[in-house]
Amino acid sequence: METAKKRMLTGNKAMAEAISQEMEKDPNVFVLGEDIGKYGGIFGSTQGLIEKFGPERVLDTPISETAFIGAAIGAAAEGMRPVAELMFVDFFGVCMDQIYNHMAKIPYMSGGNVKLPMVLMTSVGGGYRDAAQHSQTLYATFAHMPGMKVVAPSNPYDLKGMMVSAIRDDNPVVFMFHKSLQGLGWMKQLDVAVDHVPEESYTVPLDKAKVVREGKDVTIVGIQMMTHYAVEAAERLAKEGIEAEVIDLRSLAPIDKDTIIESVKKTHRLLVVDEDYLSYGMTAEVSAIVAEEAFFEMEAPISRLAIPDVPIPYSGVLEDFVIPGPNNIYEQVKKMMDEA
Amino acid sequence: MTKFGEKQPAVSLEKLEWMYEQMVKIRYYEDQMAEAYMEGKTPVFNIGAGTVPGEMHLATGQEPAAVGICVHLTKEDTVTAPHRPHHHAIAKGVDLKKMTAEIFGKETGLGKGKGGHMHLFDPEVKFSCGGIVGAGIPHAVGAAMTSKMKGKDSVAVAFIGEGAANAGAFHESLNLAAVWNLPLIVVVEDNSYGISVPKKASTSVESNDLRASAYGIAGAYVKDNDPIAMYKASEEAVARARNGQGPTIIEIETYRYLGHFQGDPELYRDETEVPGLRQLDPITKLRKMLSESESVSEADLETMEKRAKQEVDEAYQFARDSSYPDPESALKDVFSS
């Protein structure tokens, strides 16, 4: 038991281990995408796979997202279980027809006669000065449209367990992994990007949020980096006697309403924090759920923090200004508590 | 002027008869659909009204493209088709009753009324189609890839119109299929128009088989809407694919007798064009050729025609007799559990 607890993995290795174990178990699982072979994925999500399974099941593709994501759809329709990587979610513009008009709709248009058991994994997030075309999360862009499960795990344990679930799911799953949480040597080192990950295979559900910190005064709903920032802010608030409950949303579609409602019924206050654009986004969705289903439980107006409807800027001072951080969350909660 | 039928072809009588019967079936199916489509759309045409609402793209005249290659395919081979899919579906052996019911929006349809005429899926015979130009080619690449990964000899055929050969999906897919040496055949049906825009105004080459050289793969051109020439070009392409010799582009010069969709005013073409094309009708020519053969009697031809039409009539009756889906079933099938 002691030794098992010491088995620590980075986010990328947890993901790669999940894929590897599923590939061992099921010959229909294969991986395709750009630089996912010898390079191991630009963000390390396929590290070691080609060495283990060879180029027949780990396929480096040309820069042809329409062709290879479409090919994954065609292969899934034939009973395979492809895991396709879109290198940056920002690149969705060159292949959204395949993702949305086909991957997300074929099961429905066929009346359930065609299943597409595939995973589209993609890197998201900013904070490392990569500017407007390589720093978005676009959580809501995908979660808005029916037909895809959309998940965004925030730690290595969930990255592994949710990837296993995603590969075994008979529906298309968009699996968003945050670049900063991969634990890569060439990015800022974060403690939360390394975690205890059991070696044996396990699953984490694709439709359950998780309370990562309990509290009675205010609920903070976050996702990926925003969850970690919320925990940081909560620890600072605790020193001032404010106990924040932090929920890691984990899954955007389907969204776990129950966990959110249960929490606000206890705390009567809600702050939603997102690394996506503010308008029409996840913060609006969570706020609407609470307004519809727990309005009379609330003791203060619902509050939101997100990218203020501007593209992600390059210069560090500008980027840090638009992406919510622990300090913004702390200040916002203080304001909410003072107003109440 | 086309010459086909004037010489004895090296195609077995059995295959010729199969192609003839399928072409008759397709033609009759589309004629019946044109009629059903107008039910409830007169005196005022409203695209969303009637027995068969929505857009309707019929393939009348384009039968040779479908039968000339599907004659070489089995249930294990995959076909993806575009927005004008009925001839491909029929030639591939899609369940005609369920297909017609789907087009009528009925619960017994292939997609329980959720797909319609541009979105027909019959996994039993590995057929699918879609309404986005060029988008079916990558799906065929995926099927071809699966065949190769599983060590099978099945092939994938993507039917597209000549307009789709200018879409990015065409280039990406053919390059990928060539790099991976996949058993893929892209059949380009050149009916001269991308809706209203003539091919010469949209396409930089005379015919899209010439583009094969850009991918280092084989190309073939079939002129005069000739089902026998299509048969031969396809026979070679399918054999190449089955033998691991990679993809082929086949372009066939075909004719669209009707508008892009039903209700198209067709102001972009001279009104003498279609009557001229109908003079070259491939079904009439193949019938003449078969009737000149000593082995086929007039009675044989009539039997085939009757059988084809009966199957179509039964399919339409099935569609008419079927119920509409429960409105709340619209909420089902987004995800499978």
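The values are calculated or read from the model by the stated rules, or taken from the named source; none is laboratory data. Owing to the predicted nature of the structure, the values given are computational and were not obtained by experimental measurement. Glycine also receives a Cβ, built like all others from the backbone with ideal geometry; neighbour counts cover every protein chain displayed. Only protein heavy atoms, including side chains, enter the accessible area calculation; ligands, DNA and RNA are left aside. Shrake-Rupley method; radii C 1.70, N 1.55, O 1.52, S 1.80 Å.
On the stretch given as the range A:193-209, residues that are of a type in the set (Val, Ile, Thr), closer than 21 Å to A:ALA166 by Cβ and surrounded by 17 or more Cβ atoms within 10 Å (Cβ to Cβ) total 2. Being open to solvent by less than 50 Å² (accessible area, probe 1.4 Å) and more than 21 Å from B:HIS57 (Cβ to Cβ) is the requirement here; does B:THR248 meet it? The answer is yes for B:THR248. Here the range B:192-205 is the region considered, the condition is being touching a helix residue (DSSP H, G or I) at 6+ places or on another chain (Cβ under 9 Å) and outside any strand (DSSP E or B), and the residue that is nearest to B:ALA241 (Cα to Cα) is B:VAL205.
Among the residues of the range A:210-224, which ones are aliphatic (A, V, I, L, M) and open to solvent by 10 Å² or more (accessible area, probe 1.4 Å)? Result: A:VAL211, A:VAL212.
Exactly one residue out of B:MET149, B:MET118 is in contact with a Cys (Cβ under 7 Å, 6 or more places away or on another chain) and within 11 Å of chain A (Cβ to nearest Cβ), and it is B:MET118. Looking only at the range B:129-146, residues that are facing chain A (nearest Cβ under 7 Å), touching a Leu at 6+ places or on another chain (Cβ under 8 Å) and in contact (Cβ under 8 Å) with a residue 40 or more places away in the chain come to 2 in all. In the set (1) buried (at least 22 other Cβ atoms within 10 Å of the Cβ); (2) of a type in the set (D, E, K, R); (3) part of a loop (DSSP other than H, G, I, E, B), A:ASP130 fails one condition alone, (1).
Test A:PHE30 against the criterion of being within 14 Å of chain B (Cβ to nearest Cβ), without any contact (Cβ under 8 Å) to a residue 40 or more places away in the chain, more than 18 Å from the chain's Cα centre (by Cα) and farther than 18 Å from A:TYR202 by Cβ, and give yes or no. When the stated conditions are applied, A:PHE30 does not pass them.
Please go through the range A:76-90 and pick out each residue that is open to solvent by less than 20 Å² (accessible area, probe 1.4 Å), touching a helix residue (DSSP H, G or I) at 6+ places or on another chain (Cβ under 6 Å) and closer than 13 Å to A:VAL114 by Cα. Within the range A:76-90, just A:MET80 meets the criteria.
When the range A:177-209 is examined, which residues are found to be assigned to a loop (DSSP other than H, G, I, E, B) and of a type in the set (S, T, N, Q)? Answer for the range A:177-209, where residues must be assigned to a loop (DSSP other than H, G, I, E, B) and of a type in the set (S, T, N, Q): A:GLN182, A:GLN189, A:SER201, A:THR203.
Checking each residue of the range B:295-312 against the condition of being polar (S, T, N, Q), farther than 23 Å from B:GLU35 by Cα, at pLDDT 95 or above and open to solvent by 60 Å² or more (accessible area, probe 1.4 Å) gives at least one match.
When the residues of the range B:248-300 are filtered to those that are of a type in the set (Ser, Thr, Tyr) and in contact (Cβ under 8 Å) with a residue 60 or more places away in the chain, the one that is farthest from B:HIS171 (Cα to Cα) is B:SER295. Of the strands (runs of 3 or more DSSP E) contained entirely in the range B:110-191, those carrying at least 2 residues that are of a type in the set (Asp, Glu) and buried (at least 24 other Cβ atoms within 10 Å of the Cβ) fall at B:184-190. Residue count for the range A:210-239 under the criterion of being within 22 Å of A:THR137 (Cβ to Cβ), small (Gly, Ala, Ser) and outside any helix (DSSP H, G or I): the result is 1. Which residue is nearest to B:ARG27 (Cα to Cα), if the candidates are limited to the range B:89-109 and must be in a loop (DSSP other than H, G, I, E, B) and open to solvent by 30 Å² or more (accessible area, probe 1.4 Å)? Among those residues, the one meeting the criterion is B:GLY93.
Residues in the range B:152-174 that are more than 10 Å from chain A (Cβ to nearest Cβ) and among the acidic types (Asp, Glu): B:ASP153, B:GLU162.
I'm trying to understand the selection: among the residues of the range A:249-275, which are in a helix (DSSP H, G or I) and open to solvent by 20 Å² or more (accessible area, probe 1.4 Å)? Residues satisfying the conditions are A:LYS257, A:ASP258, A:THR259, A:GLU262, A:LYS265, A:LYS266.
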